[in-house]
1. Ignoring ligands, DNA and RNA, how do PHE184, PHE173, PHE143 rank by accessible area with a 1.4 Å probe, largest first?
2. Can you tell me the relative contact order of the stretch 1-85? Whole percent, Cα pairs under 8 Å, sequence separation 6 or more.
3. For a quick check of understanding: with a 1.4 angstrom probe and all protein chains in place, what accessible area in square angstrom does ARG187 have, to the nearest ten?
4. For a protection proxy built on the mean count of beta-carbon atoms within 10 angstrom, sort 164-170, 87-93 highest first, please.
5. Starting from the residue with the highest accessible area, list LEU127, LEU34 in decreasing order, probe 1.4 Å.
6. Using the Cα gyration tensor of the stretch 1-58, with a ≥ b ≥ c the square roots of its eigenvalues, what is the shape: rounded (a/c below 1.5), prolate (a/b larger than b/c) or oblate (neither)?
7. Which order do you get for SER39, SER13 if you rank them by accessible area with a 1.4 Å probe, largest at the top?
Amino acid sequence: MLEVLTGSGLAASAGLNAYIPLLLMGLLARYTDLMELPSGWQWLGNGWVLLILAVLLAVEVVADKVPVVDHVNDVVQTVVRPTAGGLAFGAGSSSETVTVSDPDTFFSSHQWVPVVVGVLLALGVHLLKSAARPVINATTAGFGAPVASTAEDATSAIMSVVAILLPVLVLVFLVGIVAFFFWFLRRRRSRRRERQAARAAGFRV
């Protein structure tokens, strides 16, 4: 079960920022004993891969904090983040960490399953993030974009670390994401009703 929590936490964090979980896994595998990537995923620890991920992360961090640019970035990331989520879930759930000592026992025969699960999980988080950002920008005249983006990056980084070191706590993050999803839906419905009421009042006047 820890394998699933590790993979889920990494995939969800990729839905917020595609490069943070991949870069963290590569760095931990290359420079520490906290994570040992399986043979099919050891390329994540390659120096050139880490450099490319670091550059892409820097671009993402800047682009996601600028209103309008963040929307364009989210459109591009619709492909990138789910892909990163699939890679993160596949590598994370198959790796040996300080909490997962025998990952092969869980995904022993269907190696494609964790990748697909990671893609779907990251896509769901990405779609929620992409839907929430225009609302934040509109209600704060764009000033909320850097604050929201910084919070998302921090959440992605913390969730990635937790997924590797304390995967049981990933449940807290997942519950939080689900709770935010339902709160966001209620908020959108409420704003839609307010706009409809305002239009109706305008027509009556």
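1. So the residues, ranked largest to smallest area, are PHE143, PHE173, PHE184.
2. Once normalised by length, the contact order is 40 percent.
3. In the full protein context, ARG187 sits at about 100 Å².
4. My ranking of the peptides, most packed first, is 87-93, 164-170.
5. Working: LEU127 95, LEU34 60 Å².
Sorted descending by solvent-accessible area, the residues read LEU127, LEU34.
6. Cα axes put the stretch 1-58 in the oblate bin.
7. SER39, SER13
The values are calculated or read from the model by the stated rules, or taken from the named source; none is laboratory data. All figures in this text were calculated on a predicted structure; none of them were measured in a lab. Heads up, the Cβs are rebuilt from the backbone with ideal geometry, glycines too, and the neighbour counts pull from every protein chain shown. Quick note on the areas: whole protein, heavy atoms, side chains included, nothing else; ligands and nucleic acids left out. Shrake-Rupley method; radii C 1.70, N 1.55, O 1.52, S 1.80 Å.
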